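Structure first, then comments.
The values are calculated or read from the model by the stated rules, or taken from the named source; none is laboratory data. Note that the structure is predicted; figures quoted are calculated from it, not measured. FYI the Cβ positions are ideal-geometry reconstructions off the backbone, even for glycines, and counts take in every protein chain you see. Accessible surface is based on the protein model in full, side chains and every heavy atom, while ligands, DNA and RNA are left aside. Shrake-Rupley method; radii C 1.70, N 1.55, O 1.52, S 1.80 Å.
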Amino acid sequence: MSRLPEPFFETPAITPEQFLAELPRWILLDVRSPAEFGEGHLPGAWNCPVLEDLERHQVGLKYKQEGQQAAIDLGVELVWSAREGRANEWLRRALSGVTGERRILVSCWRGGLRSLLAASWVAEVLKNNPDRYGQVSVSRLAGGYKAVRGKLLEAISAPRDMVVLSGMTGSGKTALLHDLIALSGFDSRRVIDLERLARHRGSSFGHAVSEAGERIEQPSQQFFENQLGLQVLQGASGPLVVEDESTLIGKISIPLEFRRQMRAAPVVVVETPIDLRARAIFREYVSQPLEQGCEVESLWQVLAENISALERRLGGQDTREALLALASGKACPREFAAQDPWIRTLLEKYYDRAYAQSGRLAERNVIFRGDLVACRNFLKDYGGE
């Protein structure tokens, strides 16, 4: 091992398997740079960088020019005097509000020098401040983020039983997933809500909207995959239930092997009349955002942008008609009848045609068709013990 600065406190290493098996018990400190963390991290992790982005860039240049030990020496020079302050700040943030057992796990990219140093800094601060922090254990994640992510990708690709919900836009597939989660006697771990994980409703019109009327940013591809991997590792008692999706959910790509399994899985088709589908679209895209405090002006701007984004496939005339109907409906934003014209235009002229042309059900194993209640009752018992 390269020469390490003193003082150095040894900390035990935890394997990725141990970490995943005891996930709720760990307080995870991810000590990679903010840029690395932003590209992908594990849910619930705290970003506690040993090196900030600029510092990491400087150390990287030194490594290329003069080798590993010169890079280590520069890193120590940049941050050593600040180690106590950084470690105290990490502990203050991560332990705030935590009661009971407190187990800190430090992770970097591959479980190397950064996690060794950061864990040592945290151990040093804990040793020197027993009255401030009390009983806290510190360990390192062997193999780091890369090793855990590898396990999660393996879990996503592993063969598993599943059933896929299909149906036209607005048929209530997402609502059905939520009903199953709340259903007594149904293992909620079976439900994988891909759109929730992707923070997107899965269509060109599907950007989620915040209370401020702004589009909610989607997670990184890695973060989406990490969430998905953790869910499929939960050990659900029965086939997974997922909503049928295209390859992309907004900017998020469904992992190839998981997508292949979805295409091969049996399908349950939700059949809902267009009147009810239009009302469902109204509730999801208009009524609910307004009830959550979104301003009409902000919401209508997002809706207009979403409609305009469909012009290439919807066509110029139908897009103009939808936008005019949207503008007219703005005077009575909470009335379904005022929004029905533009919603129906989108359903009839775009979404229903796209669904029919997609061949989404071609050569699929459709095992059940029915309304929402019938599909829920079927899925309640499907694949049960």
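Here are a few things to note about the model shown:
- Yes/no for residue 287 being within 25 Å of the chain's Cα centre (by Cα), open to solvent by 20 Å² or more (accessible area, probe 1.4 Å), farther than 15 Å from residue 347 by Cα and of a type outside the set (Val, Ile, Thr): yes
- So residue 85, is it closer than 17 Å to residue 48 by Cβ, modelled with pLDDT under 95 and open to solvent by 20 Å² or more (accessible area, probe 1.4 Å): yes
- In the range 110-117, the count of residues that are more than 27 Å from the chain's Cα centre (by Cα) and more than 18 Å from residue 55 (Cβ to Cβ) is zero.
- Hits in the range 233-284 (condition: touching a Ser or Thr at 6+ places or on another chain (Cβ under 9 Å) and among the acidic types (Asp, Glu)): 243, 244, 257, 271, 284
- Looking only at residues of the range 137-184 that are among the charged types (D, E, K, R) and in a loop (DSSP other than H, G, I, E, B), we find that the one that is most open to solvent (accessible area, probe 1.4 Å) is 161.
- Subset tally (residues that are under 30 Å from residue 153 (Cβ atoms) and either surrounded by 12 or more Cβ atoms within 10 Å (Cβ to Cβ) or in contact with a Pro (Cβ under 6 Å, 6 or more places away or on another chain) (or both)) for the range 45-67: 15
- The set of residues in the range 367-385 that are in a helix (DSSP H, G or I) and open to solvent by less than 60 Å² (accessible area, probe 1.4 Å) comprises 374, 375, 378, 379.
Table: residues versus (1) modelled with pLDDT of 95 or more; (2) over 22 Å from the mean Cα position of the chain (by Cα); (3) among the charged types (D, E, K, R).
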| site | (1), (2), (3) |
| --- | --- |
| 134 | no, yes, no |
| 142 | yes, yes, no |
| 155 | yes, no, no |
| 184 | no, yes, no |
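- Tabulated pairs, the range 229-242, first more than 18 Å from residue 182 (Cα to Cα) and in a helix (DSSP H, G or I), second charged (D, E, K, R) and open to solvent by 10 Å² or more (accessible area, probe 1.4 Å), C-beta under 9 angstrom, 6+ apart or interchain: 229/149; 229/151; 229/154; 232/160
- Evaluation of residue 80 against the conditions (1) closer than 24 Å to residue 22 by Cα; (2) hydrophobic (A, V, I, L, M, F, W, C); (3) modelled with pLDDT under 95 shows that the sole unmet condition is (1).
- Residue 203 in a helix (DSSP H, G or I) and at pLDDT below 95: no
- Within the range 16-60, the set of residues being more than 24 Å from the chain's Cα centre (by Cα) and not in a helix (DSSP H, G or I) comprises 50, 51, 52.
Conditions (1) open to solvent by 40 Å² or more (accessible area, probe 1.4 Å); (2) assigned to a helix (DSSP H, G or I); (3) farther than 25 Å from residue 188 by Cβ; (4) among the hydrophobic types (A, V, I, L, M, F, W, C), marked per residue:
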site	(1), (2), (3), (4)
246	yes, no, yes, no
258	no, yes, no, yes
277	no, yes, yes, no
280	no, yes, no, yes
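- Taken over the range 1-37, residues that are farther than 19 Å from residue 86 by Cα, among the small types (Gly, Ala, Ser) and open to solvent by 50 Å² or more (accessible area, probe 1.4 Å) amount to 2.
- The condition of being within 19 Å of residue 171 (Cα to Cα), polar (S, T, N, Q) and open to solvent by 80 Å² or more (accessible area, probe 1.4 Å) holds for only one of 357, 317, 301, 339, that being 357.
- Output for the range 351-366, where each listed residue is of a type outside the set (Gly, Ala, Ser), out of contact with any strand residue (DSSP E or B) (no Cβ under 8 Å at 6 or more places or on another chain) and outside any loop (DSSP other than H, G, I, E, B): 351, 352, 353, 355, 357
- Only one of the listed residues (253, 298, 220) is within 21 Å of residue 160 (Cα to Cα) and among the hydroxyl-bearing types (Ser, Thr, Tyr). That residue is 253.
Residue by residue, here is whether (1) outside any helix (DSSP H, G or I); (2) in contact with a helix residue (DSSP H, G or I) (Cβ under 7 Å, 6 or more places away or on another chain); (3) open to solvent by less than 60 Å² (accessible area, probe 1.4 Å); (4) aliphatic (A, V, I, L, M) holds:
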| residue | (1), (2), (3), (4) |
| --- | --- |
| 69 | no, no, yes, no |
| 92 | no, no, no, no |
| 100 | yes, no, no, no |
| 105 | yes, yes, yes, yes |
| 118 | no, no, yes, yes |
| 122 | no, yes, yes, yes |
